[in-house]
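Trainee: Below is one structure. I have some questions about it.
The values are calculated or read from the model by the stated rules, or taken from the named source; none is laboratory data. No experiment lies behind these values; they were computed from the predicted model shown. No Cβ is skipped: glycine too gets one built from the backbone with ideal geometry, and neighbour counts run over all protein chains shown. Only protein heavy atoms, including side chains, enter the accessible area calculation; ligands, DNA and RNA are left aside. Shrake-Rupley method; radii C 1.70, N 1.55, O 1.52, S 1.80 Å.
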Amino acid sequence: MNVSNIVVFALGSGAAGVACALMNAGGVLRRSAGSADVLAVARAIQEGTGAFLKRQYIAVAVVGSLLALALTKLGAWTANGFIAGVVASALAGYIGLAVSVRAEARTADAAGAGLGAALSTAFRSGTAMGLLVAGLALSAVAGYYALASSAGTPDDVHGGLLGLALGGSLMSVFARTVGGVWAKTAGGPPLQETSEVAAVGNHVGHAAGTAADVFETLTLALVAAMLLARSVFGADSPWVEFPLLVAGFVVAASLAGACFVRLGKSRYLVGALYRSVIVTMILAGVGLYYASEWFLGLPAVQPAFSLLNLFSAACIGLVLAGLNIAATEYHTSKSFGFAKRVAAASRGGPATNVVAGLAAGLKSTGWSIALLCAAFIGPYHLGGGFSGHEGTGLFAVGLAAVAMASLGGVMVAIDGYGIAAEAAHGIAETAGLPDEVRQATASLDAAGRATRPVVQGYVVGAGGLAMLALFAEYSKCFAVPLALNLSDPVVLTGLFAGGLMPYLLGSVSLGAVGNVPAGAGGQANGGLRVALKRASILVLVPLAVPLLVGLGGGREALGGMLVGAIVTGLFQAFAMSSGGGAWDSARRYIEDGMYGGADSEAHRAALTGDQVGTACQAVAGPALNPLIKLMGLVAVLIAPLLA
């Protein structure tokens, strides 16, 4: 097998991420798990999480086997790539959760030695999951590309990469939908939940879902950018492998960035967590400059970009991630006006709280969409898109998407920290640990809850940019340019059909939370049955609708459908994610002593709003991302049939 230096570097970077993840996992597991009371609670969480994952993975295996069989019609490389994507994503989630459910008892025990020790333990568990996700995603794409390039035809490479991304999408839909719905139907209202049920729900409904979503997004961004390079520069061009070089440097920078999380003199936990992201972005930016300079000096590289433009196009993805974090923090933190206005509205009762939360979510979409548009226009301009070089402009957008998605390792690490911290606080409370321990775990929990909506905002933004890159690849799949004429009834019909999809699929997700079967309330099996039924719908519909629209209406109708789904889906996902964060922060703001504090009328109203917000932020909003990407992948897969 003749493998280029770039592919070797990408494989090495991915392997280093996996190795670093396992080292962090080992460091966590070597710590003391605490007293017998702590271990009893921790084991209950482990058993509940393991039982759920077993049922979910059986369902994924059944659905995945049927889809793999159907994909053999498109070629063995496509079907095998699909299986590889499912397995890699499932493996990342399973190992990551295996570490996470064992880290919370150790975090609670470490809190006895001080806040810094507890922070280190919780974040190392998150780092294990984050670097595992990023490392396996990069390794899977680079490895399968190398294998298909050596043993298959150019069409095999194309179909194999799409199959790999499709496998990640299937796992993401199940992890987001099944886990999210089960977590909100099996435990009852928040005040009735035990710490064990709440922790299991967070693991399977949030941690596993976020990990699978980030795996899917990074895989999709890499595949979209590589396929765009094939369409623009040719299948044998070195530009096809340049996205792997970008992702390799960002993932490598993540290994160093994760080492910078430590408690400073200010003892500001949120700042300590964000330091890992800032260091990663700086190191990645420096590395990308020298990587771009080296790449442009290779003899076989077509001179499509200047050094500054190539470097800047990739860095826009890093900058967008930072700005997206800042915007989401502003929209959801209890330190700013959005959450405070929702809290103030709680004085009027649950109805005014819910109305204010909806308003906050809708308003938050402005900055988020504006940043996403800038992240599309900027690279497109740097790539010469406005100067008549549409192909290189779109490829530059793909590079920005890869750079942003590659930051997923540190973002999942922050998210995983929050899950471990929240569970550790629940264990400390249930086991009756000393006051100083519970105070330390409460501080960790507060920081984790503050960063959770920020991570979700990043996931939506990165997924949106990756989807735009995938749509660009769809537009380049045809010898005759794709023309989406809005005066064409076929295009308009597709546009409206696509715009409807996020509303329809969002209603399925929310409906699962709001309609538990009679006799199943509070029971895990009843909630799981609901979740699996809804997940089946949410997989079949995004698979079937693009097929029906494309084969029935043609490529323009399918293109219009993708545009409609992207636009309405992103608006809904941003609104639900930020609105849910504002509702949660408003509740915590009141619990800090505002408007009568805990157990006041305002607090009871805020609890109602928080339940609505949690359904939006943890179930419906995040589920829209993989559903839209699943539709896009199906569209690109069937594009040759529509040419």
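Trainee: Which residue, of 502, 481, 542, is out of contact with any strand residue (DSSP E or B) (no Cβ under 6 Å at 6 or more places or on another chain) and at pLDDT 90 or above?
Mentor: Criteria check complete, one pass: 502.
Trainee: Listed residues 170, 136, 164; which is at pLDDT 75 or above, aliphatic (A, V, I, L, M) and open to solvent by 10 Å² or more (accessible area, probe 1.4 Å)?
Mentor: The match here is 136.
Trainee: Could you tell me whether the range 85-94 includes any residue that is hydroxyl-bearing (Ser, Thr, Tyr), in contact (Cβ under 8 Å) with a residue 60 or more places away in the chain and open to solvent by less than 20 Å² (accessible area, probe 1.4 Å)? Steps first, please.
Mentor: Start the filter on the range 85-94 by keeping residues that are hydroxyl-bearing (Ser, Thr, Tyr), which leaves 89, 94.
Subsequent filtering for residues that are in contact (Cβ under 8 Å) with a residue 60 or more places away in the chain retains 89.
So of that shortlist, the ones also open to solvent by less than 20 Å² (accessible area, probe 1.4 Å) come out as 89.
Taking every residue of the range 85-94 in turn, at least one turns out to be hydroxyl-bearing (Ser, Thr, Tyr), in contact (Cβ under 8 Å) with a residue 60 or more places away in the chain and open to solvent by less than 20 Å² (accessible area, probe 1.4 Å).
Trainee: Could you check how many residues of the range 273-313 are within 13 Å of residue 251 (Cα to Cα) and of a type in the set (Gly, Ala, Ser)?
Mentor: Count: 4.
Trainee: Same structure, new question: When residue 575 is evaluated against the numbered criteria (1) over 16 Å from residue 503 (Cβ atoms); (2) open to solvent by 10 Å² or more (accessible area, probe 1.4 Å); (3) modelled with pLDDT of 90 or more, which criterion, by number, is the only one it fails?
Mentor: (1)
Trainee: Taking the condition of being farther than 30 Å from residue 262 by Cα and outside any loop (DSSP other than H, G, I, E, B), how many residues in the range 278-318 meet it? Even if it seems obvious, please write down each step before you answer.
Mentor: The initial filter retains those residues of the range 278-318 that are farther than 30 Å from residue 262 by Cα, namely 292-313.
Cutting the leftovers down to outside any loop (DSSP other than H, G, I, E, B) gives us 292-296, 307-313.
The qualifying residues number 12.
Trainee: I'd like the residue in the range 596-624 that is touching a His at 6+ places or on another chain (Cβ under 8 Å) and free of Cβ contacts under 8 Å to residues at least 40 places away in the same chain and, out of all such residues, is most open to solvent (accessible area, probe 1.4 Å).
Mentor: Residue satisfying both the conditions and the ranking: 596.
Trainee: Given 229, 291, which one is small (Gly, Ala, Ser) and surrounded by fewer than 24 Cβ atoms within 10 Å (Cβ to Cβ)? I'd like the intermediate steps shown before the answer.
Mentor: On the way: 229 fails: surrounded by fewer than 24 Cβ atoms within 10 Å (Cβ to Cβ).
Answer to the check: 291.
Trainee: Pick from the range 1-17 the residues that are assigned to a helix (DSSP H, G or I) and open to solvent by 30 Å² or more (accessible area, probe 1.4 Å): which of them is farthest from residue 223 (Cα to Cα)?
Mentor: The selected residue is 16.
Trainee: Separate question: Return the only residue of 326, 321, 375 being of a type in the set (Gly, Ala, Ser), assigned to a helix (DSSP H, G or I) and open to solvent by 20 Å² or more (accessible area, probe 1.4 Å).
Mentor: So the residue among 326, 321, 375 that is of a type in the set (Gly, Ala, Ser), assigned to a helix (DSSP H, G or I) and open to solvent by 20 Å² or more (accessible area, probe 1.4 Å) is 326.
Trainee: Can I ask one more? Which pairs have Cβ atoms under 6 Å, sit 6 or more apart or on different chains, and link a residue in the range 256-284 that is on the phi < 0 side of the Ramachandran plot to one that is aliphatic (A, V, I, L, M) and surrounded by fewer than 17 Cβ atoms within 10 Å (Cβ to Cβ)?
Mentor: Pairs that qualify, where the first residue is on the phi < 0 side of the Ramachandran plot and the partner is aliphatic (A, V, I, L, M) and surrounded by fewer than 17 Cβ atoms within 10 Å (Cβ to Cβ), are 283/256.
Trainee: Among the residues of the range 491-499, is any within 26 Å of the chain's Cα centre (by Cα), closer than 30 Å to residue 92 by Cα, of a type outside the set (D, E, K, R) and surrounded by 24 or more Cβ atoms within 10 Å (Cβ to Cβ)?
Mentor: Quick first cut of the range 491-499, residues within 26 Å of the chain's Cα centre (by Cα) only: 495, 497-499.
From what is left, the residues that are closer than 30 Å to residue 92 by Cα are none.
There is no residue in the range 491-499 that is within 26 Å of the chain's Cα centre (by Cα), closer than 30 Å to residue 92 by Cα, of a type outside the set (D, E, K, R) and surrounded by 24 or more Cβ atoms within 10 Å (Cβ to Cβ).
Trainee: Right, here's the next one. Give the range 18-52 a look and list any residue that's aliphatic (A, V, I, L, M) and buried (at least 23 other Cβ atoms within 10 Å of the Cβ), or say none. I'd like the intermediate steps shown before the answer.
Mentor: So in the range 18-52, the residues aliphatic (A, V, I, L, M) come out as 18-19, 21-23, 25, 28-29, 33, 36, 38-42, 44-45, 51.
Answer for the range 18-52, where residues must be aliphatic (A, V, I, L, M) and buried (at least 23 other Cβ atoms within 10 Å of the Cβ): 21, 25, 28, 38, 41, 42, 45.
Trainee: Quick check on this structure: which one of 91, 71 is assigned to a helix (DSSP H, G or I) and under 19 Å from the mean Cα position of the chain (by Cα)?
Mentor: Values: 71 fails: under 19 Å from the mean Cα position of the chain (by Cα).
Step by step, each of 91, 71 is checked, and only 91 is assigned to a helix (DSSP H, G or I) and under 19 Å from the mean Cα position of the chain (by Cα).
Trainee: Quick check on my filter: what residues within the range 448-477 are more than 16 Å from the chain's Cα centre (by Cα), closer than 15 Å to residue 618 by Cβ and among the basic types (Lys, Arg)?
Mentor: 449
Trainee: Which pairs do you get when a residue that is among the β-branched types (Val, Ile, Thr), found in the range 218-231, comes within reach of a residue that is in a helix (DSSP H, G or I) and open to solvent by 10 Å² or more (accessible area, probe 1.4 Å), reach meaning Cβ atoms under 8 angstrom, with the pair 6+ apart or on two chains?
Mentor: What qualifies is 219/140.
Trainee: Further question: Just one of 64, 34 is in contact (Cβ under 8 Å) with a residue 12 or more places away in the chain and either under 27 Å from residue 127 (Cα atoms) or of a type in the set (S, T, N, Q) (or both); which is it?
Mentor: After applying the criteria, what remains is 34.
Trainee: Can you work out which of the residues in the range 335-372 that are open to solvent by 40 Å² or more (accessible area, probe 1.4 Å) and small (Gly, Ala, Ser) is farthest from residue 318 (Cα to Cα)?
Mentor: Ranking the qualifying residues of the range 335-372, first place goes to 348.
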